[in-house]
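Novice: This is the structure, below, for whatever I ask next.
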Amino acid sequence: MEQQRVVLLRRSFLAGLGLAAGGLALGLAAGDAEAAPPAPLGPTALPSQPGLRTGVFLHIATDGTVSVVCHRSEMGQGIRSSLPVLVADELGADMARVKIVQGDGDKAYGDQNTDGSRSVRDGYEPMRRVGATARAMLVAVAAKKWRVPAAECVAEQHAVHHAKSKRSLDFRELVADAAKLPVPDAKTVALRPVSELKRVGGLLPLLDGPAIVTGAAQFGADVRLPGMLTAVIARPPVVGGKVVRYDGARALAVAGVKKLVELPGPQGGAVGFQPLGGVAVVADTTWAAMRGRAALQIEWDHGANAAYDSATYREALSGAARAPGKVVRKVGDVDGALAKAARTLEAEYYVPHLAHAAMEPPSAVARVDANGCEVWAPTQNPQAARTEVARALGVDEAKVTVHVTFLGGGFGRKSKPDYVAEAALLARAMGTPVRVQWTREDDVQSGYFHSVSAQYLKAGLDADGKVSAWLHRTAFPPIPSTFDGRVKTPSDNELGLGVLDLALAAPNVRAEACDAPAHIRIGWLRSVCNIFHAFAVQSFIDEIAHARQADPREVLLEVLGPARHATPAELGVQKVPNYGAPIEQHPVDVGRLRHVIERVTEISGWSAARKAGRAVGLAAHRSFLTYVAVVAAVSKDALGKVQVDEVWLVADAGTVINLDRARSQMEGAVVFGMSIALHGAITMKGGAVEQTNFRDYPVVRTTEVPQRIHVEIVKSDAPPGGVGEPGVPPVAPAIANAVFALTKTRARELPLRRLGL
Amino acid sequence: MMKIHINGSVREIDVSPDMPLLWVLRDVLGLPGTKFGCGMAQCGACTVHLDGKPTRSCVLPVSSVGAREVTTIEGLSSDASHPVQRAWAEADVVQCGYCQSGQIMTAAALLEKKPDPSDADIDAAMSPHLCRCGTYVRIRGAVHLASRLKRGER
């Protein structure tokens, strides 16, 4: 009863804040779950009651309450505090009267994959049109009532106003009549001038903050269903491995263990999003399941990837990058220019596999009955989860419902719904709801890893030191290998992350993609191939600067060349993948990249920031259609280890909806990039991951974080670019460049701590 | 049966004595605000108070809790009124939020011991905690803010 009381208090507190609190407190106590299914993020569908409904995203009830669907997942980027606010601004709604509906996985919403830093980019105009459509209908009703031109009416503060006659009607007084009107074509409704969007671009409040600081926010593992059991799975340590036989007697003897369920491995030629298979221990508590798993004795057939070894693979990868590959970008005559160069420089760079290590390990809850399957999951991609669950169960997608919970971090891992399918398979096998819980060891050892890479760069310098020739070879097991095991050549989309789209002043440029077969599941991780491409390119430009004994800032600006839009012809490519965006709308704008470099060196006092015992490094990179430059200052700590003292980051992400969340994403990107620079390394031995947990896959702690991380977001009216990922790529090279300035040790591989730095 | 003093009340539980307190909270007592992050006291997501002292519940067998009072994020306040919660909200600290229950519990304990902590005090106290989103800089600021709120300066 004590619990019940706490739950109710919290619910009324949140309701008082005008938040979508309906579901926030549900399911905390076992008794609650009987009453209604868990709704971790409040309502999952627009109200069915009468009102104005303009499509799948918006409903206005007869009391004026506006419900807006957030169709993308909340994983810390603040999307629930951003897109719905944009709709409200366009509509003229009072946020206190707006409820956020967290959309289930449903193609009716269009693409829901919260990935690629594109929720705002994809949603900016369409979501404004959602608000504008409803506004046009409310205004039409008011104008008709008042017999005035619609153009004289203004919608703001949840009412339509006619200034001339000083009349106003609240939305609630207009909804019933508006609902009778035909819904205009969203593509033809007029959008407000941007200057009329009251909140957009400001420091918007974090709507889910109160739920999180009270512990009420429900993540995937927090969902409780009556009769629910918990499963922990022993997965093959090597991808493609299979259970030969297992002895479960000791596992079944653990109190609380209910059953052992063998799960099939991936079917067909591709791993894709399929579960890895193994043996699941299903129990009444997580602890019992974990103990049961520890007691399992399994004999594995490790399969074809059992020889995967990072040390030997590195040799092969390096060999691939040192040999000619598939030419993917070409202007001028690189070989001729290299032959004529006054001086040449070459370098090879290596970045290991990385794991996402989101603080919340994967988890999902499922129940399966005659009507179908219902799951609750922290997923970045509820539609893919729906498809994968349907495929695993052999049922039609229409029979599968995927509810999205809060995500305890995603970083790309939770775009892959293998863990959701595991929950569904086990719920069916058990005939009860099942929660699958991955441990940290599972997360570190059985993920979809950021690809390991080797890159070879060679530059020819003319008599003045200017770069006349640029050769870039990149070798890494590509992401498409996860979906077709035969693929070993990097795809255009991956090369578009920092190779094909890199603007260079050099007249002779060639880039080559080199083959590398995959032996584990390769997946995208926050900023993807930009991590290693930016590390290599930005380190190499710094090497050129030091070889010339010139200022790295001046050389970087010179290598990029003057402000211009770098066309596909200039870049020497058929097409710039450009993150799926038209190049006309989102050009490769060297002027914007130069601007963030100029700003970051200005605010950091680039020349003045160097002091005795302290050095600075600079890097800049365009990714996800956003331009970011970073200056890192490093010194040595008492033990002689490199420490990052201070970081400055300037980002031009075009139009920003939520300035505070853009800043927080950039602050977070600095820390994420620091983990990559200092610590991140997943290594393989005998086909299996050698690391186990945070003790051997460390990530940055507060003691390593600089006292000051300065973030400046450039004010821009360009179309929105990405925010979540583009802060990451320049961080590691900025630190490595600073380390060189401090120690004269050039780190051509990451992580730095493994180099003893 | 075992008795456990939790958030101001006493609950009877019937669990294996080696079950870590974390799973008793989450799976038995219906208190999922305390999070599982690593299972080996490496990340701090599972932090609760044991007689006011921040403790990693993922490695603490429930049988060793004894008569000590356990306080979880749910018991810190029922209405987000604790100064640390207010400061976290005011500074918009959180990103994904998963680690923040643990961070908040440690910050609250720190302020009981050191009402006006230095940056070094904060780093030392908060260092058991990992935040993959990278909210560390805002956490430092929010602990200072909570200190001022608690001392009634704001």
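The values are calculated or read from the model by the stated rules, or taken from the named source; none is laboratory data. As the structure is a prediction and not an experimental result, all values here were calculated from the model. A quick note on method: Cβ atoms are made from the backbone with ideal geometry, for glycine too, and the neighbour counts reach across all protein chains shown. SASA here: full protein model, heavy atoms, side chains in, ligands and nucleic acids out. Shrake-Rupley method; radii C 1.70, N 1.55, O 1.52, S 1.80 Å.
Novice: Mind checking which aspartates and glutamates have their Cα closer than 17 Å to the Cα of residue B:35? Skip sequence neighbours fewer than 8 apart in that chain.
Specialist: A:222, A:360, A:441, A:442, A:443, B:27, B:74
Novice: Can you work out the accessible area per residue across segment A:220-275, with the rest of the protein chains kept in place, probe 1.4 Å, in square angstrom?
Specialist: Result: 41 Å² of accessible area for each residue.
Novice: Turning to a different aspect of this structure: Please work out the C-alpha center-to-center distance from segment A:503-533 to segment A:700-717 and express it in whole Å.
Specialist: 26 Å
Novice: With each run of n ≥ 4 DSSP H residues scored as -39500 (n - 2.57), what mean residue ellipticity at 222 nm is computed for chain A after dividing by its residue count and rounding to the nearest 500 deg cm²/dmol?
Specialist: -8500 deg cm²/dmol
Novice: Something else now. Below 8 Å between Cα atoms, with a sequence gap of 6+, how large is the relative contact order for segment A:308-457 in percent?
Specialist: Result for segment A:308-457 is 35 percent.
Novice: With a 1.4 Å probe, what is the total accessible area buried between chains B and A, in Å² rounded to the nearest 100?
Specialist: Looking at B and A, the buried total is near 5200 Å².
Novice: Rounding to the nearest 20 debye, state how big the charge dipole of the protein assembly as shown is about its Cα centre with +1 on each Lys and Arg Cβ and -1 on each Asp and Glu Cβ.
Specialist: Charge dipole of the protein assembly as shown: 600 debye, to the nearest 20.
Novice: Over segment B:83-150, give the accessible area per residue in Å² for a 1.4 Å probe, as an integer.
Specialist: 27 Å²
Novice: Which peptide among B:59-68, A:717-726 comes first, and what is the full order, when sorted by highest mean count of other Cβ atoms within 10 Å?
Specialist: Ranking, from highest mean packing down: A:717-726, B:59-68.
Novice: Given N residues in the protein assembly as shown, what is its alpha carbon radius of gyration divided by 2.2 N^0.38 Å?
Specialist: 0.94
Novice: Then there is this: Given C-alpha coordinates of segment B:1-78, what is the ratio Rg to Rh with the Kirkwood estimate of Rh?
Specialist: 0.91
Novice: Now, a different point. Which residue, A:490, A:260, A:634, has the largest displacement toward the positive end of the dipole of chain A when charges sit on each Cβ (Lys, Arg +1; Asp, Glu -1)?
Specialist: Final value for the positive-end residue is A:634.
Novice: Among the lysines, which have Cα under 20 Å from the Cα of residue A:715 when same-chain residues fewer than 8 positions away are ignored?
Specialist: A:198
Novice: Looking only at other chains, what is the average number of their beta-carbon atoms within 10 angstrom of each beta-carbon in A:410-418?
Specialist: 1
Novice: Still on this structure, I have one more. Determine the percent antiparallel among the DSSP beta bridges restricted to the protein assembly as shown, to the nearest 5.
Specialist: 75 percent
Novice: In nm, give the distance between the simple-model label positions of residue B:59 and residue A:635, each being 7 Å from the Cα along the Cα-to-Cβ direction.
Specialist: In this crude spin-label approximation the distance works out to 3.3 nm.
Novice: Another question, then. Calculate what fraction, in whole %, of the accessible area of segment B:2-76 sits on carbon and sulfur atoms when a 1.4 Å probe is rolled over the protein chains.
Specialist: Of the solvent-accessible surface of segment B:2-76, carbon and sulfur hold 51 percent.
Novice: Using the structure shown, list the pairs from A:99/B:150; A:107/A:414; B:53/B:114; A:611/A:744 with a Cα-Cα distance above 22 Å, or answer none.
Specialist: In this structure, A:99/B:150 exceed 22 Å between Cα atoms.
Novice: Follow-up question, since we're still on this one. At what distance in angstrom do the alpha carbon centres of segment A:575-652 and segment B:62-85 lie from each other?
Specialist: Each part reduced to its Cα centre gives a spacing of 42 Å.
Novice: Towards the positive end of the charge dipole of chain A, with charges on Cβ (+1 Lys, Arg; -1 Asp, Glu), say which of A:689, A:625, A:96 has the farthest Cα.
Specialist: Farthest towards the positive end: A:96.
Novice: So who's got an amide H within less than 5 Å of the one on residue A:329, skipping anything under 5 residues away but keeping other chains? H placed 1.01 Å off N, in plane.
Specialist: A:511
Novice: Taking the alpha carbon gyration tensor of segment B:83-150, what are the square roots of 5 times its eigenvalues, largest first, to the nearest whole Å?
Specialist: The three semi-axes for segment B:83-150 are 17, 13, 10 Å.
Novice: What is the dipole size for segment A:229-362, taken about its Cα centre, with +1 at each Lys and Arg Cβ and -1 at each Asp and Glu Cβ, in debye to the nearest 20?
Specialist: Its charge dipole is roughly 140 debye.
Novice: Taking beta carbons within 10 Å but only from partner chains, what does the mean come to for residues A:694-706?
Specialist: 5
Novice: Provide a list, ordered by number, of residues in segment A:355-382 showing at least 40 Å² less accessible area with every protein chain present than when their chain is taken on its own, using a 1.4 Å probe.
Specialist: Listed in order, they are A:359.
Novice: Restricting the count to DSSP beta bridges whose residues both fall in segment B:2-76, what percent are antiparallel, rounded to a multiple of 5?
Specialist: Roughly 85 percent of the DSSP beta bridges within segment B:2-76 come out antiparallel.
Novice: Taking the alpha-carbon set of segment A:143-185, what are its Rg and Dmax in Å?
Specialist: 10.5, 30
Novice: Can you tell me which lysines have their Cα less than 18 Å from the Cα of residue A:145? Leave out same-chain residues fewer than eight positions away.
Specialist: Qualifying lysines at Cα under 18 Å: A:164, A:166, A:180.
Novice: Now, a different point. Using the Cα atoms of segment A:465-618, I'd like the radius of gyration and the largest Cα-Cα distance, Dmax, both in angstrom.
Specialist: That works out to 17.2, 53 Å for Rg and Dmax.
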